[in-house]
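Data first, discussion second: the structure below is written as C-alpha cells.
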Amino acid sequence: MVDEVIHQSMRLKIMSSLNVLGRNDWLDFARLKSILDTTDGNLGAHLETLAKAGYIAVEKRFEGKRPQTRVRATPTGRKAFTEHVAYLRSILDNS
C-alpha cells in the first residue's frame, strides 16, 4: 500500500538519501539541502512532516559556536521506506 508521507517526491528523496547511510549515521542539514538542491524552508517543512510521522530523528546541536542540525532515518522510517519501495516495485513489475 502507498505510504502518503513518503510518496511525496521531496520526502522520497530525503528518505532515499538517509537510507543509504548506516543505521546510526547522521546527515548534516546543509549537506542534505545540497544533495536535494532545495531551499532551507522547503527542506525544513518536509523534515518536520517526516519527524512527526516518526520516520526521522532530528538533532540540533552546536559545533563550536555554530548551530548544526542533522538528521537520520529511524528504524520505523527505514521499515516504512523499504515497504514503500516494495510497493513501487510491485507497480513496475505489474506494468
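Which of the residues belonging to the stretch 16-55 are part of a loop (DSSP other than H, G, I, E, B), closer than 21 Å to residue 4 by Cα and more than 13 Å from the chain's Cα centre (by Cα)?
38
Report, by residue number, each residue of the stretch 61-90 that is in a loop (DSSP other than H, G, I, E, B) and either surrounded by 14 or more Cβ atoms within 10 Å (Cβ to Cβ) or in contact with a Gly (Cβ under 8 Å, 6 or more places away or on another chain) (or both). Don't jump to the end; show me each part of the working.
Residues of the stretch 61-90 that are in a loop (DSSP other than H, G, I, E, B), as a first pass: 64-65, 74.
Result: 74, single match.
Restricting to the stretch 1-27, what's the tally of residues that are among the acidic types (Asp, Glu) and in contact (Cβ under 8 Å) with a residue 24 or more places away in the chain?
Going through the stretch 1-27 one residue at a time, the tally reaches 2.
Report yes if residue 58 is of a type in the set (A, V, I, L, M, F, W, C) and in a strand (DSSP E or B), otherwise no.
Taking the combined requirement at face value, the residue satisfies it.
Just the residues that are of a type outside the set (Phe, Trp, Tyr) and either in contact (Cβ under 8 Å) with a residue 24 or more places away in the chain or under 13 Å from residue 8 (Cβ atoms) (or both), please, taken from the stretch 49-62.
Those that are of a type outside the set (Phe, Trp, Tyr) and either in contact (Cβ under 8 Å) with a residue 24 or more places away in the chain or under 13 Å from residue 8 (Cβ atoms) (or both): 49, 50, 53, 56, 59.
Cβ-Cβ below 7 Å, separation at least six or inter-chain, first residue in the stretch 63-88 and more than 13 Å from residue 24 (Cα to Cα), second exposed (fewer than 12 other Cβ atoms within 10 Å of the Cβ): which pairs?
Correct list of pairs: 67/60; 68/61; 68/62; 69/60; 87/1; 87/2.
Computed from the coordinates by the stated procedures, all read-outs in this text should not be read as laboratory data. No experiment lies behind these values; they were computed from the predicted model shown. In this analysis, Cβ positions are derived from the backbone assuming ideal geometry, glycine residues included, and neighbour counts consider all displayed protein chains.
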